[in-house]
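A.B. asks: Got a structure for you, questions after.
The values are calculated or read from the model by the stated rules, or taken from the named source; none is laboratory data. Keep in mind it's a predicted model, so treat the numbers as computed, not measured. Cβ placement follows ideal geometry from the backbone for every residue including glycine, while neighbour counts extend to all protein chains displayed.
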Amino acid sequence: MGWCFKPMPGLELAKHCKAIGLEAMEGVSAEDYPAIRKMGLKISLVGSHGFKKGPCVADNRAFVIETLKKSIDLAAKIGTKSVITFTGMRGKGLSDAAGSKNCVDAWKAVIPYAEKKKITLVLEHLNTRDDSHPMKGHPGYFGDDVDHCVEMIRKVDSPRMKLLFDVYHVQIMNGDVIRRIGQYKNLIGHYHTAGNPGRAEL
């Protein structure tokens, strides 16, 4: 996960990943993908629209759809199986029902394209409780309940729409991590891990 090691440049990090025997990496700039792949590393997950500007706000719909399609194209080109997506930050006065519908409608608009390209969208759930650091928690994020995220994924109703299960975020917001992995194993398309508290090593 490249951004965890900032300000280390992505290519420098890739050299370390290669040296310790890792097969893939993510969370780095798409501009670095070609050089990273030349090192023999795979890109495990392609980025997209980011966690702030997402489909829960209707005004973001066109941007999200366009960005996801471009990311799907890139993933297909480089042989990566998945593209990350997020709900985005909750707009002022946005209800759960409206935000959920906006998300589902946007993803449904993209899913036929993902299915055609054989790429899976993975929705990441993030915590809204930890406000100690901008990357340890994300106050205002719409998809902060993993059960709610699963509900939206099920409404999209496609094998190409899955959950990105982040152990750190789920532990903070919902807990009971092992049971939830078992509960949602058929809907999980990707994992992120970090220890809690502190978002450090497990």
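A.B. asks: Kindly indicate whether any position in the stretch 98-106 is more than 23 Å from TYR168 (Cα to Cα) and acidic (Asp, Glu).
C.D. replies: Yes: the stretch 98-106 contains one or more residues that are more than 23 Å from TYR168 (Cα to Cα) and acidic (Asp, Glu).
A.B. asks: Hey, could you check the stretch 86-100 for residues that are touching a helix residue (DSSP H, G or I) at 6+ places or on another chain (Cβ under 9 Å) and charged (D, E, K, R) and say which is surrounded by the most Cβ atoms within 10 Å (Cβ to Cβ)?
C.D. replies: Ranking the candidates gives ARG90 first.
A.B. asks: Something else: Among the candidates ILE188, ILE153, which residue alone is touching a residue at least 24 places away in the same chain (Cβ under 8 Å), touching a helix residue (DSSP H, G or I) at 6+ places or on another chain (Cβ under 8 Å), β-branched (Val, Ile, Thr) and within 22 Å of MET89 (Cβ to Cβ)? Give the derivation first.
C.D. replies: Values: ILE188 fails: within 22 Å of MET89 (Cβ to Cβ).
None of the other options fit; the residue is ILE153.
A.B. asks: Return the total of residues in the stretch 48-72 being touching a helix residue (DSSP H, G or I) at 6+ places or on another chain (Cβ under 7 Å) and either surrounded by fewer than 19 Cβ atoms within 10 Å (Cβ to Cβ) or part of a helix (DSSP H, G or I) (or both).
C.D. replies: Final tally of qualifying residues: 8.
A.B. asks: Moving to a separate point now. For the stretch 54-68, indicate whether the set of residues that are of a type in the set (Ser, Thr, Tyr) and in contact (Cβ under 8 Å) with a residue 60 or more places away in the chain is non-empty.
C.D. replies: Of the residues in the stretch 54-68, the ones of a type in the set (Ser, Thr, Tyr) are 67.
Checking the rest, the ones that are also in contact (Cβ under 8 Å) with a residue 60 or more places away in the chain come to none.
The answer is no; no qualifying residue exists.
A.B. asks: Go through the stretch 114-202 and tell me which helices (runs of 4 or more DSSP H), entirely inside it, have 3 or more residues that are closer than 29 Å to LYS6 by Cα and in contact with a strand residue (DSSP E or B) (Cβ under 6 Å, 6 or more places away or on another chain). Explain how you work it out, then say what you get.
C.D. replies: On the way: elements: 146-156, 167-173, 177-184.
Where helices (runs of 4 or more DSSP H) fall fully within the stretch 114-202, none carries at least 3 residues being closer than 29 Å to LYS6 by Cα and in contact with a strand residue (DSSP E or B) (Cβ under 6 Å, 6 or more places away or on another chain).
A.B. asks: Restricting to the stretch 63-97, name every residue that is under 16 Å from the mean Cα position of the chain (by Cα) and not hydrophobic (A, V, I, L, M, F, W, C).
C.D. replies: The first filter runs over the stretch 63-97 and keeps only residues under 16 Å from the mean Cα position of the chain (by Cα), leaving 64-65, 67-72, 74-75, 80-89.
Matches in the stretch 63-97: THR67, LYS69, LYS70, SER71, THR80, LYS81, SER82, THR85, THR87, GLY88.
A.B. asks: Out of curiosity, is SER100 touching an Asp or Glu at 6+ places or on another chain (Cβ under 9 Å), among the small types (Gly, Ala, Ser) and not assigned by the TED database to the domain that holds CYS4?
C.D. replies: Numbers: touching an Asp or Glu at 6+ places or on another chain (Cβ under 9 Å): yes; among the small types (Gly, Ala, Ser): yes; not assigned by the TED database to the domain that holds CYS4: yes.
Yes, satisfied.
A.B. asks: When GLY198 is evaluated against the numbered criteria (1) assigned by the TED database to the domain that holds LYS92; (2) in contact (Cβ under 8 Å) with a residue 12 or more places away in the chain, which criterion, by number, is the only one it fails?
C.D. replies: For GLY198, the exception is condition (1).
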